[in-house]
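Inspection log for the structure reproduced underneath, given as structure tokens.
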Amino acid sequence: MSRAWRLADGPDRMATLAVFLANGFGMGAWAAAIPALKAHLALSDGQLSVALFSFACGAFISMPLAGWIGARVRTGRATLAAGVAFAGVLVLPSLTEMLPLLCGAAALVGAGTGAVDVLMNVHAGTIERRRDAPIMSSFHAAYSLGGMAGAVLGGSLAGMGAGAILGAGATLCGVVVLGAARGMQAGVIAPAGNPLAVPGRALWTLGLLALLALMIEGAVADWSGTLIAQGGADVRSASVGYGAFACAMAGGRLSGDWLVGRLGATRIVGAGGALAAVGLSLVTWVPTPLAGAAGFGLVGLGLANVVPAVFSATGRLGAAAAAAVLTAGYAGLLMGPVAIGSVATAANLSWGMAMLAVAAAVVSILAVTSVVFAPIRHGAEPR
């Protein structure tokens with residue numbers, strides 16, 4: 001890509017980074033607000049799980065719809081519209097006083113973030129293809145940093161209730177998205193793909209990679225502290241595992257574009273899966289704070305660029321394919337904690353972590369035995 005084109009692309013890239021940051025920020029605020037919502041409505045664990053399931057249902061419904069929209073509306077415009085809508089619905093759960101209303105509001109929040117996820121990744125893919133260089137990791141780094149900032153803000157406002165947390169999250173999210181409107185290009189009509197066609201080998205592989213990687217992420221987020229606590233750590237020390245995981249993932253994504261550009265996505269994803277498997281094996285056998293920080297840090301570093309590489313490759317298969325892979329990944333994110341909980345109930349938590357180590361090894365094997373990442377480096381279509 002010429003220098004002139006790169007300069008022209010700069011505002012569009014920065015605006016898209018802002019949308020990733022805003023979506024991550026909104027989701028960090030939502031996660032921080034969940035305990036306050038539970039307390040405000042005096043929900044049991046089972047009732048809260050119904051509300052969270054409603055959130056997931058909203059996302060599952062909106063993702064294929066967003067893929068359909070992305071094939072009919074210019075990607076930049078669709079991304080901005082979805083971002084504004086997400087900011088608009090984010091505060092709604094804090095305004096409810098009954099579980100059915102909370103479920104409806106949570107479904108709208110899930111639908112909002114699901115639509116933004118699909119559309120912003122499709123638009124980021126168009127920018128990456130114009131530049132003919134790997135830049136997807138930088139977008140996902142912005143999402144990770146936004147999520148961390150949203151969680152920190154939410155924690156600082158926790159004493160003021162869910163309304164303050166979600167109100168601040170919605171306001172800042174909306175301001176950032178609207179501020180991005182000036183720099184974001186209208187974009188292109190994303191290739192549609194055929195949502196009714198039988199998925200090809202490349203799509204099955206990419207969907208499985210997304211599912212496994214996000215399954216591990218979800219399980220680490222929910223169970224890392226419990227595993228370390230079972231090793232005898234106090235509550236504060238038990239949190240070091242997830243802290244190391246999140247920081248390593250953000251750092252890995254900040255350097256991911258440089259690494260993919262020099263080594264290729266196949267090597268990065270293959271080595272990343274192997275690194276995550278080593279880290280999970282370590283915490284399986286040595287669940288102490290020190291080993292947990294080291295092990296989960298390796299997991300975060302290893303997985304950092306798996307999902308960005310998957311979405312880069314998926315963008316070449318059309319908007320419907322992007323929606324399908326994102327939906328598969330989201331399913332993994334939700335399934336991971338449940339699967340680990342089931343294994344922990346039937347056996348113990350260490351066996352659950354061992355299962356995740358196997359999943360990480362499968363990620364590594366799939367990366368090096370398939371050719372789905374070839375277009376990121378060589379410009380060919382995935383097969």
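Structural remarks
- Dipole orientation for the chain: of the candidates His123, Ala33, Cys103, His123 has the Cα lying most toward the positive pole (charges on Cβ; Lys, Arg +1; Asp, Glu -1).
- Entry note, the chain: the mean residue ellipticity at 222 nm calculated from DSSP H runs of n ≥ 4, each adding -39500 (n - 2.57), is -27500 deg cm²/dmol after division by the residues and rounding to the nearest 500.
- Which of Phe60, Phe20 has the fewest Cβ neighbours within 10 Å, and the rest in rising order: Phe60, Phe20
- Legend: helices of the chain (whole DSSP H runs) are marked when their alpha-carbon atoms reach 20 angstrom or more along the helix axis and their mean Kyte-Doolittle hydropathy is at least -0.5; marked are 3-40, 45-70, 75-90, 99-131, 136-156, 162-180, 201-230, 240-254, 265-285, 289-303, 319-346, 349-369.
- Structure-derived Rg and Dmax of the Cα atoms in Å - corresponding label in (i) 21.2, 78; (ii) 23.3, 77; (iii) 19.8, 60: (iii)
- Computed about its Cα centre, the charge dipole of the chain is approximately 1100 debye, with only Lys, Arg, Asp and Glu carrying charge at their Cβ.
Quick note: the coordinates plus some simple rules give every number you see, no bench work behind them. These figures come from a predicted structure and were not determined experimentally. Positions of Cβ are backbone-derived with ideal geometry, glycine not excepted, and every protein chain shown enters the neighbour counts.
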